[in-house]
Amino acid sequence: MTIRPTELVSIWVAAFNRQDVGALAAMYAEGAVNHQVAEAPVVGREAIQAMFAAGFAAATMVCLVENLFEDGEWAILEWRDPLGLRGCGFFRVVEGRIVFQRGYWDKLSFLRQHGLPLPRE
């Protein structure tokens, strides 16, 4: 039995909120791509795990589900965090693993909210 995309993303959100980088990485296919549009695409399960580890080391992040939809192999997540940041993510799930993820969010607002260095112009 294969897990539905929305079910997997619900499990992903719980792991994200626990900052469980191992559990998050295990949900991705070996050659998966995670492209947060404010950043360069990250390719491969190991690199995705490192991306999450670095992100959680830099800031406390929480994902609160606003809406979660499914269309075939895709789950679409609209989220917010307790600080007011909002975004959305698109997850393509094949054979129970995320093979592609794309996320949209405001990087400048995120950096400001967490007191992180702003990019130089």
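Can you tell me which residues in the stretch 31-51 are aliphatic (A, V, I, L, M) and part of a strand (DSSP E or B)?
First, the residues of the stretch 31-51 that are aliphatic (A, V, I, L, M): 32-33, 37-38, 40, 42-43, 47-48, 50-51.
If the condition is that a residue be aliphatic (A, V, I, L, M) and part of a strand (DSSP E or B), then Ala32, Val33, Val42, Val43 are the ones that fit.
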query: What pairs come up if the first residue lies in the stretch 71-83 and is touching a residue at least 24 places away in the same chain (Cβ under 8 Å) and closer than 12 Å to Val9 by Cβ, the second is surrounded by 14 or more Cβ atoms within 10 Å (Cβ to Cβ) and of a type in the set (Ser, Thr, Tyr), and their beta carbons are under 9 Å apart, counting only those six or more places apart or on different chains?
result: Ala75/Thr6; Ala75/Ser10; Leu77/Thr6
message: So, in the stretch 65-86, how many residues would count as being at pLDDT 95 or above, of a type outside the set (Phe, Trp, Tyr) and either in a strand (DSSP E or B) or touching a strand residue (DSSP E or B) at 6+ places or on another chain (Cβ under 8 Å) (or both)?
response: 11
task: Being within 12 Å of the chain's Cα centre (by Cα) and either of a type outside the set (A, V, I, L, M) or assigned to a helix (DSSP H, G or I) (or both) is the filter; apply it to the stretch 21-30 and report the residue that is farthest from Glu95 (Cα to Cα).
output: Val21
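Do we have Ala58 as more than 12 Å from the chain's Cα centre (by Cα), surrounded by fewer than 17 Cβ atoms within 10 Å (Cβ to Cβ) and without any contact (Cβ under 8 Å) to a residue 40 or more places away in the chain here? Let's see the steps before the verdict.
Values: more than 12 Å from the chain's Cα centre (by Cα): yes; surrounded by fewer than 17 Cβ atoms within 10 Å (Cβ to Cβ): yes; without any contact (Cβ under 8 Å) to a residue 40 or more places away in the chain: no.
The answer is no for Ala58.
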field: Residue under evaluation Ala57, criteria (1) under 19 Å from Trp105 (Cβ atoms); (2) not in a helix (DSSP H, G or I), criterion not met
entry: (2)
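Results for (1) modelled with pLDDT under 95; (2) of a type in the set (Gly, Ala, Ser), shown as yes or no for each residue.
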| position | (1), (2) |
| --- | --- |
| Ala29 | no, yes |
| Val37 | yes, no |
| Ala40 | yes, yes |
| Phe52 | no, no |
| Gly55 | yes, yes |
- prompt: Of all residues in the stretch 64-89, how many are aromatic (Phe, Trp, Tyr) and buried (at least 17 other Cβ atoms within 10 Å of the Cβ)?
  reply: 1
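Among the residues of the stretch 17-34, write down those that are in contact (Cβ under 8 Å) with a residue 60 or more places away in the chain and surrounded by fewer than 16 Cβ atoms within 10 Å (Cβ to Cβ). Walk me through how you get there before you give the answer.
Quick first cut of the stretch 17-34, residues in contact (Cβ under 8 Å) with a residue 60 or more places away in the chain only: 27-29, 31-34.
Hit for the stretch 17-34 is Gly31, nothing else.
The values are calculated or read from the model by the stated rules, or taken from the named source; none is laboratory data. What you see is a predicted model, and the numbers here were worked out from it, not measured in a lab. Positions of Cβ are backbone-derived with ideal geometry, glycine not excepted, and every protein chain shown enters the neighbour counts.
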